[in-house]
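Asker: Provided herewith is a single structure, encoded as structure tokens, for subsequent inquiry.
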Amino acid sequence: MQNLVAIVGRPNVGKSTLFNRLTQTRQAIVTEVSGTTRDRQYGKVSWNGQEFSLVDTGGWVVNSDDVMEDEINKQVRIAIDEADVILFVVDVMNGRTDLDAGVAQMLRRSGKPVVVVANKSDNFDIGHQAAEFYSFGLGDPYSVSAINGSGTGDLLDHIITLFTRDNEEEILEDIPRFAVVGRPNAGKSSIINALIGEERSIVTDIAGTTRDSIYMRYNKFGMDFYLIDTAGIRKKGKVTEDLEYFSVIRSIRVIENADVCILMLDATRGIESQDLNIFSLIQKNRKGLVVFVNKWDTVEEKNNVVIKTFENAIRQRLAPFTDFPIIFGSALTKQRILKVMDVAKEVYTNRKRKVST
């Protein structure tokens, strides 16, 4: 097992910017909008020959008007429980706030090694203001600037000294990548939570809850693959904010990098024009495809005739490409979700098959 470091703190202190800086990626979406990150986002960090996993979390809030507040806080708590070391990010510009003090209190109770990271110390004049964070009783604050990288080297040197676990090298061979794609609210996060058996992705009735693309390794029941939860892809005209635009671009990138795409359709709404657009993206990128008709438990009449009619309708809309499996099930009741993975694996194997002359 690799050591796991969690980044926590209140909203808008630069947690995702620090995550991107340390992992040397642009994996986490970064905007000026408070509360951009929601789900736990994992990445890898290499420093001085050591590798560890880093997890970014949503901003810890109390009594806000954000409907996701409880769910985000639950994700933060899970990250703290999982982590070996915790990076507590605070903002030097704003100084110490009541929310920071609340987070500090929770971290002191956790009993885990905590590093106070005084972010936004973009120059030496501001850096010395970090002294006020000694009052948390969590040791020396490290002044860094996630946006330009200053101070992050010293921070990484210190993090490595806190590890108690020996790292075993993780070699990721050619593991298949299955991306779960579809329109907002088709149940993508629900099927992933049902498979993983824990609440990795926040699930609500609000369309567009997922923003970042979240990679998860699944190895149970003799299967081993990456599952990728993506943001719902809307029509261009319906994309209202920059944030959603980034999420959609990220989902398209995921389709480009995946081996097999599991296209989620909502049984209550049938196949819509946006599903066809997502299908054409999958087809243009020459990816394997499994269609999963979700929320089948809500359909009243479920006989073979209904299933056949539904299947024919889907194949007609997606013609001339009709040679893909269609599975009817429900992420909520876990009906046929393992079958989806079995079929995705078959599709993956078929894609790799070389047909001789």
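The values are calculated or read from the model by the stated rules, or taken from the named source; none is laboratory data. This is a predicted model, so every value here is computed, not measured. Note that we place each Cβ from the backbone using ideal geometry, even for glycine, and neighbour counts take in every protein chain shown.
Asker: Given the conditions (1) in a helix (DSSP H, G or I); (2) closer than 17 Å to Trp60 by Cβ; (3) not hydrophobic (A, V, I, L, M, F, W, C), and given that Lys112 satisfies all but one, which numbered condition is not satisfied?
Answerer: Against the list (1) in a helix (DSSP H, G or I); (2) closer than 17 Å to Trp60 by Cβ; (3) not hydrophobic (A, V, I, L, M, F, W, C), Lys112 comes up short only on (1).
Asker: I'm told Leu18 meets every condition in (1) at pLDDT below 85; (2) surrounded by 16 or more Cβ atoms within 10 Å (Cβ to Cβ); (3) assigned to a helix (DSSP H, G or I) except one. Can you identify the failing condition by its number?
Answerer: For Leu18, the exception is condition (1).
Asker: Can you give me the number of residues within region 282-301 that are assigned to a loop (DSSP other than H, G, I, E, B) and surrounded by 12 or more Cβ atoms within 10 Å (Cβ to Cβ)?
Answerer: Of the residues in region 282-301, the ones assigned to a loop (DSSP other than H, G, I, E, B) are 285-287, 295, 299-301.
From what's left, surrounded by 12 or more Cβ atoms within 10 Å (Cβ to Cβ): 285, 287, 295, 299.
So the count comes out to 4.
Asker: Hey, another quick one. Filtering region 128-162 down to residues that are among the small types (Gly, Ala, Ser) and free of Cβ contacts under 8 Å to residues at least 12 places away in the same chain, which residue is nearest to Arg108 (Cα to Cα)?
Answerer: If we filter region 128-162 for residues that are among the small types (Gly, Ala, Ser), which is where we start, we get 130-131, 135, 137, 139, 143, 145-146, 149-151, 153.
Then drop every residue that is not free of Cβ contacts under 8 Å to residues at least 12 places away in the same chain, which leaves 131, 153.
Working: Ala131: 19, Gly153: 25 Å.
Applying the filter and picking the extreme gives Ala131.
Asker: Please specify each residue of region 328-351 satisfying the condition of being farther than 17 Å from Tyr218 by Cβ and not in a loop (DSSP other than H, G, I, E, B).
Answerer: Phe328, Ser330, Gln335, Asn350, Arg351
Asker: Further question on the same structure: Looking at Trp60, is it out of contact with any strand residue (DSSP E or B) (no Cβ under 6 Å at 6 or more places or on another chain), touching a residue at least 60 places away in the same chain (Cβ under 8 Å), surrounded by 15 or more Cβ atoms within 10 Å (Cβ to Cβ) and of a type outside the set (Asp, Glu)?
Answerer: Spelling it out, it is not the case that Trp60 is out of contact with any strand residue (DSSP E or B) (no Cβ under 6 Å at 6 or more places or on another chain), touching a residue at least 60 places away in the same chain (Cβ under 8 Å), surrounded by 15 or more Cβ atoms within 10 Å (Cβ to Cβ) and of a type outside the set (Asp, Glu).
Asker: Just to verify a result, which residue in region 312-324, among those that are surrounded by fewer than 16 Cβ atoms within 10 Å (Cβ to Cβ) and touching a residue at least 12 places away in the same chain (Cβ under 8 Å), is nearest to Val290 (Cα to Cα)?
Answerer: Here the residue is Phe321.
Asker: Something else now. Sort through Glu51, Glu69 and tell me the only one that's among the acidic types (Asp, Glu), under 13 Å from Pro11 (Cα atoms) and modelled with pLDDT under 90.
Answerer: The unique qualifying residue is Glu69.
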